[in-house]
Amino acid sequence: MPMQEEVRSAIAKAADTYDVPQAALEAVVEVESGRKAFTTIDGKPMPLILYEFHVFYRYPGLPDDVLREAVRRKLAARRWGDLPYAKTQSARYGQLRKAADLHEQAAYAACSWGVGQVLGENAEWLGFGTPKKLAETAMSGIAGQLEVMMAFVRKRGLLDELRDHNWEGFARLYNGPGQVAFYSAKMAQAHRRITGGAAPPPRASTSSTTLRSGARGEAVATLQRQLRALGYFLIVDGDFGPATLRMVKVFQAENDLVADGVAGPKTLGRIEALSA
């Protein structure tokens, strides 16, 4: 199914706004949405959603009676995978409506929204205030869906990963550390198809001169050992994952460096100087 021209046009505008390659952003959208931005609910175009039972269950401050009733109605579950996903968008929106009758904000928090499949529970963190406000932004149209998605990308600090076509680094923080291989391979494949197989510009080096999210190897292990010796708790595993990214940012902020989580020459030089 080809991506709708309206969606591609909106992606081009978002790519220009955030200074990322259009093909890279389009590849992520393709993987997250399956090239489909809308479903029809009650005759209206609506964003794709996925209702997550365990997210409703863990919504903070949920009254006990509401939680019990949601569990009884099979709208909430303690763990992911305890209940199967509904197979159709119509059924998922039905779950949303039923859950909203019990607790509106928990229901909207429990859904992932739009072409970026961003969970509503991230609403406050992303600056939307409430899960319903985030959902309303996504429901406003494709521009709103991309606004939600890019809010998550920016908050996660992943604009550089898109610019560098660093699919592993992007997937690690966007999709989660347990799904890096699957999603990074899908994004790379989508990018090759979109660009006709053209190779992307060389990404930032993951050698000893520049280390960033997604990098692996002895240079990363050395960085981790040096940060540990300086008092930053890290497991030395040679994997530049979320914990290493967080500690690099903390180190940078404490040493008057740009806190972007990228261990480039300035950051590595400062670490070397303090480690001497």
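Sequentially through the stretch 145-161, phi angles give Karplus couplings (6.51, -1.76, 1.60; θ = phi - 60°) of 4, 5, 4, 5, 4, 6, 4, 5, 4, 5, 5, 7, x, 10, 5, 5, 5 Hz, Gly and Pro residues having no value and appearing as x. A simple spin-label model places the labels of ALA259 and GLU218 3.3 nm from each other, with each point 7 Å out along Cα-to-Cβ. Treating each Cα of the chain as one equal point scatterer and applying the Debye formula with no solvent, the log10 of I(q)/I(0) at q = 0.15, 0.16 Å⁻¹ comes out as -1.12, -1.20.
Listed values for the stretch 7-20 are Karplus-derived 3J(HN,Hα) couplings in whole Hz (6.51 cos²θ - 1.76 cosθ + 1.60, θ = phi - 60°), namely 5, 4, 5, 5, 5, 4, 5, 5, 4, 5, 4, 9, 6, 10, and x replaces Gly and Pro. Close amide H contacts of LEU211 (hydrogens built in the peptide plane, cut-off under 5 Å, sequence separation of 5 or more or a different chain): ALA263, GLY264. Simple rule: put +1 on each Lys or Arg Cβ and -1 on each Asp or Glu Cβ in the chain, find the dipole, and look at LEU223, LEU83, VAL262; the Cα lying farthest toward the positive end is LEU83. A cut-off of 5 Å between modelled amide H atoms, ignoring neighbours fewer than 5 places along the same chain, links ILE41 with MET46.
Of the cross-linked pairs LYS13/LYS74; LYS13/LYS155; LYS186/LYS266; LYS133/LYS266, which ones have a Cα-Cα span greater than 31 Å in the structure shown?
Numbers: LYS13/LYS74 40 Å; LYS13/LYS155 19 Å; LYS186/LYS266 33 Å; LYS133/LYS266 40 Å.
From LYS13/LYS74; LYS13/LYS155; LYS186/LYS266; LYS133/LYS266, over 31 Å: LYS13/LYS74; LYS186/LYS266; LYS133/LYS266.
When shorter helices are ignored and each DSSP H run of at least 4 residues is given -39500 (n - 2.57), the per-residue value for the chain at 222 nm works out to -16000 deg cm²/dmol. For TRP113, the residues whose modelled amide H falls within less than 5 Å of its own, excluding neighbours fewer than 5 places apart on the same chain, are VAL118, LEU119, GLY120. The relative contact order of the chain, computed from alpha carbon pairs under 8 Å that lie at least 6 residues apart in sequence, is 14 percent.
What the phi angles of the stretch 175-180 give under the Karplus curve with 6.51, -1.76 and 1.60, with θ = phi - 60°, is a coupling list of 9, x, x, x, 10, 4 Hz, glycine and proline written as x. Sorting SER33, SER213 by the number of Cβ atoms found within 10 Å of their own Cβ, with the fewest placed first, yields SER33, SER213.
No value in this document is a laboratory result; all are computed from the given coordinates. The shown structure was predicted, so the numbers you read here are calculated from the model rather than taken from an experiment. Here Cβ is always computed from backbone atoms with ideal geometry, including for glycine, and neighbour counts include all displayed protein chains.
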